[in-house]
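In what follows, a structure is listed as structure tokens, so that the remarks can point back to it.
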Amino acid sequence: MISFLPIGGGNEIGANSYYLNFNGNGIILDCGIHPQKTGLESLPNFDLIKDKSVDSCLISHAHQDHIGSLPFFVKNFPYVKIITTPQTRALAELTLHNSVSILKKEIEEDDFEFYSHDEVDLLIKMIDYKEYQNEFELNSYHQQKDAKVNCTFYDAGHILGSAGILLENNNHKIFYTGDINLSSQTLQSAARLPETKIDTLILETTYGATDSELLLDWNSESLRFAKEANNILNNGGSILIPVFSLGKMQEMLGTIWHLMLKRKLTNGDIYTGGLGTKINRAYDYNRFTVSRVDEEFELNAISQKDYYEISNPEEFFKHPCIVLASSGMMIKGTSSFIFAKRWLKQKDSAIFTVGYMAEDTPGYVVTNAVRGDKIQLTELDEQIEVNCTIKNFKFSAHARREDLLKIVDKLKPDNVILTHGDEEALDWMGSSILKKYKNIKVQTAAIGKEIKIL
Ligand SMILES: [Zn+2]
Ligand SMILES: [Zn+2]
């Protein structure tokens with residue numbers, strides 16, 4: 001028997017975590033944290049698996065919605081074998097300390113056992129790693145018969161170290177896409193898929209509700225970006241770009257630099273900072289170990305200033321500059337949130353958004369505002385009149401929905417389980433798959449809803 005039970009994520013982009021059971025061999029796919037929720041609310045529901053056998057945990061990539069709850073999972077299941085790619089392991093070392101610090105601030109319950117930074121260091125040492133396209137075995141501690149699972153990671157083209165995960169048990173093949181991108185970005189090459197028929201496909205659907213014509217390829221979107229940026233920079237303004245410190249920071253920094261080198265974008269100071277700068281180094285260090293568009297290119301060679309060294313934000317407006325600041329969705333208290341409050345007042349300057357914004361985030365509010373609007377970044381913040389320019393771009397690290405259908409076309413699954421998308425996205429993907437492939441069984445993942453696969 002093979003079964004699938006979402007314990008987080010499912011029909012939303014949340015604390016992605018899925019439990020698979022192969023004849024008694026329990027495998028967790030991802031261990032995320034919900035980016036918009038706080039404290040215990042942001043963790044997957046580990047209670048759903050407390051009486052089940054859990055033998056291994058595979059991490060698809062180092063974004064918080066896929067790895068952030070790993071320290072808390074390990075508290076509950078200390079003997080589980082954790083495996084990921086070597087690059088994700090290196091990134092986890094940088095990002096897990098961050099998620100533990102954030103949760104510590106949020107959770108004030110006395111009986112909650114905290115995870116210390118020393119324990120995070122120990123946890124990183126416990127994580128085993130496997131290279132892309134190297135098959136390995138996952139065995140169960142309790143169950144031997146028919147329980148062996150062969151596993152292979154495939155480069156998912158999403159961020160450094162990201163993997164699609166192929167699992168095979170008694171000839172039944174399951175492929176979990178994780179977050180996947182079928183086109184190249186500035187640094188990251190496109191995903192690779194298994195060259196075999198898949199029985200069950202667990203598919204992400206982030207852009208299922210977004211018309212593919214609105215998602216230009218990276219190069220075309222770069223040129224549109226340069227044109228709009230030149231309008232601001234040539235008039236003496238500065239541009240704030242909220243980015244995730246992992247992935248979007250590196251790709252946007254590379255993109256801006258290439259545009260400046262080709263003289264398509266006006267030169268100006270570039271500010272980066274914090275965790276993003278540390279992650280830049282991990283990208284450089286791993287440029288030969290993964291498939292890159294240009295493996296010689298180093299982010300460290302780009303001249304950058306550190307925004308943490310600016311004590312007075314007025315500095316940003318003395319000369320035209322571009323500030324790449326996290327967090328990507330301008331979550332309250334982060335650098336991009338603090339800078340945005342100042343930027344919104346600055347007439348000649350602009351905020352450029354470059355990626356996905358979940359509803360109910362300050363980033364979503366900014367994305368949907370135009371000059372002259374009065375907006376409130378959060379319920380508790382004062383109203384601010386929008387004086388700056390706001391432009392929205394879509395530099396996607398996720399596959400367009402037509403590309404997601406191409407994955408179905410190539411892997412020819414009998415079952416598809418849809419994950420990692422809002423209701424509209426899941427609906428579009430589900431009905432499009434059913435329209436095109438009459439014999440495929442499509443189901444939607446939901447927390448606590450077990451799906452019997454075989
Ligand atoms: Zn991701
Ligand atoms: Zn994700």
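Summary table below
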| quantity | calculated |
| --- | --- |
| Placed amide H near Ile202: partners under 5 Å, 5+ positions off or other chain | Phe175, Tyr176, Thr177, Ile417 |
| Segment 219-287: Cα Rg divided by the 2.2 N^0.38 Å rule of thumb | 1.14 |
| Using θ = phi - 60° and Karplus 6.51 cos²θ - 1.76 cosθ + 1.60, couplings along segment 245-257 (whole Hz; Gly, Pro as x) | 6, 10, x, 5, 4, 5, 5, 5, 4, x, 5, 4, 5 |
| From phi via Karplus (6.51, -1.76, 1.60), per-residue ³J(HN,Hα) for segment 438-452 in Hz, x at Gly/Pro | 4, 8, 7, 8, 10, 10, 10, 6, 9, 4, x, 8, 7, 10, 7 |
| Cα Rg, Dmax, segment 216-392, angstrom units | 15.7, 48 |
| Other-chain or far-sequence residues with amide H under 5 Å of Lys130's (modelled H) | Thr84, Thr85 |
| Packing-based exposure ordering (other Cβ within 10 Å, fewest first) of Met249, Met1 | Met1, Met249 |
| Paramagnetic reach from Asp217 in segment 396-423 [backbone N under 15 Å; point 7 Å along Cα→Cβ] | 396, 400, 403 |
| Over the chain - Rg/Rh using Cα atoms and the Kirkwood inverse-distance radius | 0.97 |
| From phi via Karplus (6.51, -1.76, 1.60), per-residue ³J(HN,Hα) for segment 424-437 in Hz, x at Gly/Pro | 4, 5, 5, 4, 4, 4, x, 6, 5, 5, 5, 5, 7, 10 |
| Burial ordering of Tyr18, Tyr364, fewest other beta-carbon atoms within 10 Å first | Tyr364, Tyr18 |
| Cα-centred dipole magnitude for the chain, charges only on beta-carbon of K, R (+1) and D, E (-1), debye, nearest 20 | 1180 |
| q = 0.10, 0.13, 0.14 Å⁻¹: log10 I(q)/I(0) that the Debye formula gives for segment 145-282, counting C-alpha atoms only | -0.47, -0.71, -0.78 |
| Cα centroid separation, segment 24-88 to segment 343-382 (Å) | 33 |
| Pairwise FRET efficiency - Lys278 versus Glu450, Cβ, R0 = 45 Å, nearest 0.05 | 0.70 |
| Alpha-carbon centroid distance for the pair segment 399-454 / segment 286-334, whole angstrom | 36 |
| Principal axis dimensions, largest first and in whole angstrom, of segment 338-406 by Cα | 45, 27, 19 |
| Cα pair count fraction exceeding 22 Å, expressed as % - segment 86-187 | 50 |
| Neighbour-count ranking [beta-carbon atoms within 10 angstrom, fewest first] of Ser327, Ser3 | Ser3, Ser327 |
| Base-10 log of normalised Debye intensity for segment 1-88 (one unit scatterer per alpha-carbon) at q = 0.12, 0.14, 0.23, 0.26 Å⁻¹ | -0.31, -0.42, -1.13, -1.39 |
| Share of pairwise Cα separations in segment 1-154, more than 18 Å, in percent | 56 |
| Cleavage-rule hits, trypsin sites (Lys or Arg not before Pro), segment 279-374, DSSP coil, Cβ neighbours within 10 Å at most 15 | Lys318, Lys332, Lys345, Lys347, Arg371 |
| Residues with amide H under 5 Å from that of Leu240, placed H, sequence gap 5 or more | Val323, Ala350, Ile351, Phe352 |
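Each reported figure results from applying straightforward, stated rules to the coordinates on display, with no laboratory input. Please read all numbers here as calculations on a predicted model, not as lab measurements. Positions of Cβ are generated from backbone atoms using ideal geometry, with glycine treated the same way; all protein chains shown enter the neighbour counts.
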